[in-house]
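The structure under discussion appears below in the form of structure tokens.
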Amino acid sequence: MKKNVNPQEPEELVEPFLTRFVGKVQGKNDRLAIVPDHPLLKDAIPCRAARGLNHEFKEGDWAVAEMRRHPLKGDRSFYAELTQYITSW
């Protein structure tokens, strides 16, 4: 291994890698959150159901979600919208 190698870092991340994903819905204090089914992501992301989606989401449901707010896009926090109900667990 070379010892005189300088590590390189990207100048900026152009686009977040997570835009549409499947996850498990959690409910806490009458608020919904979704935990992405991804090995690197374990934190719950606050979310809400999309308009026109006729399903009352509850803890344990699986759903498709789309990121609506992301810090890499200039937002202060993450926020997702539930776009499709998959199943209950």
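Of all the residues in the stretch 51-63, those that are surrounded by 15 or more Cβ atoms within 10 Å (Cβ to Cβ) and either under 10 Å from the mean Cα position of the chain (by Cα) or closer than 9 Å to Thr83 by Cα (or both) number 2.
Please find, among Lys24, Lys28, the residue that is surrounded by fewer than 12 Cβ atoms within 10 Å (Cβ to Cβ) and not aromatic (Phe, Trp, Tyr). Every option except Lys28 fails the conditions. Selection within the stretch 64-82: residues that are surrounded by 16 or more Cβ atoms within 10 Å (Cβ to Cβ) and more than 14 Å from Ala49 (Cα to Cα). The member of this set that is modelled with the lowest pLDDT is His70.
In summary, Gly52 fulfils each of the numbered conditions (1) at pLDDT 95 or above; (2) part of a loop (DSSP other than H, G, I, E, B) with the single exception of condition (1). Set side by side, the residues Gly52, Gly60 differ, and just one is under 17 Å from Lys28 (Cα atoms) and of a type in the set (Gly, Ala, Ser), which is Gly60.
For the criterion of being in a strand (DSSP E or B) and either modelled with pLDDT under 90 or touching a Gly at 6+ places or on another chain (Cβ under 9 Å) (or both), Ile34 passes.
For the stretch 57-69, the condition of being assigned to a loop (DSSP other than H, G, I, E, B), within 19 Å of Leu18 (Cβ to Cβ) and touching a residue at least 24 places away in the same chain (Cβ under 8 Å) holds for none of the residues. Yes or no: Pro39 surrounded by 13 or more Cβ atoms within 10 Å (Cβ to Cβ) and at pLDDT 85 or above? When the stated conditions are applied, Pro39 does not pass them. Considering the stretch 1-21, and only residues there that are exposed (fewer than 13 other Cβ atoms within 10 Å of the Cβ) and closer than 21 Å to Arg76 by Cβ, the residue that is modelled with the highest pLDDT turns out to be Thr19.
The values are calculated or read from the model by the stated rules, or taken from the named source; none is laboratory data. Small disclaimer: the values here were computed from a predicted structure and weren't measured. Ideal geometry is used to build each Cβ from the backbone, glycine not excepted, and the neighbour counts take in all protein chains shown.
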